[in-house]
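A.B. asks: Encoded as structure tokens, here's the structure I'll be asking about.
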Amino acid sequence: MKYLEAINAALEGYIAACDVPKVMREAMAYSVFAGGKRLRPRMCLSAAELAGGSMEDAMPIACALEMIHTYSLIHDDLPCMDDDDFRRGRPSNHKVYGEANALLAGDGLLSLAFETILREGQERLRTAPRYYEAALEVARGAGVSGMVAGQWADLANEENPAADADALAYIHRRKTGALITAAMVSGAVAGNADAKLIDALRCYGEHYGILFQITDDILDVVGDAKTVGKTLGKDAAQNKLTYPALYGLEEARRMAEKEAELAIAALLPFGEKAAWFTELAQAALTRTY
Ligand code: GRG
């Protein structure tokens, strides 16, 4: 619980501190405080601690990851993208604030993410000398070589009968996996990890990202809409390239188990200190939201 509370308190502070019109702040806060699991910031903080760094030094980067993740969900729900009316069990941002405001709330969160990282940097550099290297990982994971490229490819492959396993891997390594991997690596770098630990955490992030996406796809087929908090069955309706669509449900489940094994194996050399990550990968296999 200490992580969740600390992440929420820091996010509240960063959003409260920005000088924006009241409704814009409300629109940003509406989605940031809608009950997200805080997976990426928690991964970042735990990776920093595993490396011997402090939660305090990694916190601006952890919060930036959550702002970027939230912007991506707001934009993904827009009618021009996935066109979804529900997210995290509530009306999507554009259903409450309108499309233009939702677009801007997303833009606001993306820029606030980097403003936060840069503004906090001078102070953090004293104890986290590679802080800006960590920030670069976030920019790469979020941007044109990461999440944005994955979203682009995902939209481009809708209704594409030639889309295959390579296309699926390309999309999900970037759309979902890149920001998750960036959370692991940025935390590790902020914590001044050595190359061996960074490689291991990167490997965990890459496998966990695929695991997370496979289970997301499975939930879209067999999940409970109330528990998941969003409209289900949309992937099939939109002819999306997903793991169950390409491989079938049973094979998709087996693939998820394999990815969990590989993620866990990457951190075996770090023993008990990596226990939280091991449990996280195991829990992903049975997640219901
Ligand atoms: C708009 C550039 C841009 C990108 C959007 C993340 C994304 C890319 C689209 C969302 C589509 C989707 C369902 C992806 C699957 C994985 C995923 C990101 C699920 C949501 O993440 P959680 O479960 O969400 O961590 P919470 O609500 O807990 O924060």
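Quick note: the coordinates plus some simple rules give every number you see, no bench work behind them. Computed from a predicted structure; not experimentally measured. Counting neighbours? That spans all protein chains shown, and the Cβs are built from the backbone with ideal geometry, glycine included.
A.B. asks: What dipole magnitude, in Debye to the nearest 20, does the range 168-243 give about its Cα centre under +1 on Lys/Arg Cβ and -1 on Asp/Glu Cβ? Walk me through the numbers before you get to the answer.
C.D. replies: Details: 9 positive and 8 negative charges, 40 e Å.
About 200 debye.
A.B. asks: Hey, another quick one. Would you kindly state how much longer the chain becomes between Lys95 and Glu133 on full extension, computed as 0.36 nm times their sequence separation minus their alpha carbon distance, in nm to one decimal?
C.D. replies: Values: separation 38, 0.36 × 38 = 13.68 nm, distance 3.76 nm.
My answer for the length gained is 9.9 nm.
A.B. asks: Given just the C-alpha atoms of the range 67-221, how large is their convex hull per residue in cubic angstrom?
C.D. replies: Spelled out: Cα convex hull of the range 67-221, divided by residues, is 122 Å³.
A.B. asks: Then there's this: Using just the helices of the chain, give the 222 nm mean residue ellipticity in deg cm²/dmol: DSSP H runs with n ≥ 4 each add -39,500 (n - 2.57), and the total is spread over all residues, rounded to 500. Mind dumping the intermediate values first?
C.D. replies: Details: 16 runs with 208 residues, N = 289.
Rounded to the nearest 500, the figure is -23000 deg cm²/dmol.
A.B. asks: Over the Cα atoms of the range 169-244, what radius of gyration and what Dmax do you get, in Å?
C.D. replies: Computed over the Cα atoms of the range 169-244, radius of gyration and Dmax are 15.1, 46 Å.
A.B. asks: Which whole-number percent of Cα pairs in the range 51-136 have a distance greater than 19 Å?
C.D. replies: On the way: 1677 of 3655 pairs.
Here the long-distance tail beyond 19 Å is 46 percent of all Cα pairs in the range 51-136.
A.B. asks: Taking the beta-carbon count within 10 Å as an exposure proxy, list Cys44, Cys18, Cys203 from fewest neighbours to most. Could you put the intermediate results ahead of the total?
C.D. replies: On the way: Cys44 32, Cys18 14, Cys203 17.
Ascending Cβ contact count within 10 Å gives the list Cys18, Cys203, Cys44.
A.B. asks: Hey, which lysines would be in cross-link range of Lys230, C-alpha to C-alpha under 24 Å, not counting anything within fewer than 8 residues on its own chain?
C.D. replies: Here the lysines satisfying the reach criterion relative to Lys230 are Lys37, Lys95, Lys175, Lys240.
A.B. asks: Just the number: Rg to Rh for the chain, Cα atoms, Kirkwood Rh, two decimals.
C.D. replies: Details: Rg = 18.2 Å, Rh = 19.1 Å.
That ratio equals 0.95.
A.B. asks: Related question: So for the chain, taking the charge dipole from beta-carbon charges (+1 Lys/Arg, -1 Asp/Glu), which of Gly209, Ala135, Met55 sits furthest toward the positive end?
C.D. replies: Going by the charge dipole, the pick is Met55.
A.B. asks: Additional query: Quick check: the distance between the Cα centres of the range 195-271 and the range 29-49, to the nearest angstrom?
C.D. replies: Value for the Cα centre distance between the two parts: 18 Å.
A.B. asks: Using the Cα atoms of the range 184-289, I'd like the radius of gyration and the largest Cα-Cα distance, Dmax, both in angstrom.
C.D. replies: 15.5, 46
A.B. asks: Rounded to a whole number, what is D in µm²/s for the range 17-97 from Stokes-Einstein with the Kirkwood radius over alpha-carbon pairs (37 °C, 0.692 mPa s)? Before the final figure, lay out each step's value.
C.D. replies: On the way: Rh = 13.9 Å.
Roughly 236 µm²/s, to the nearest whole number.
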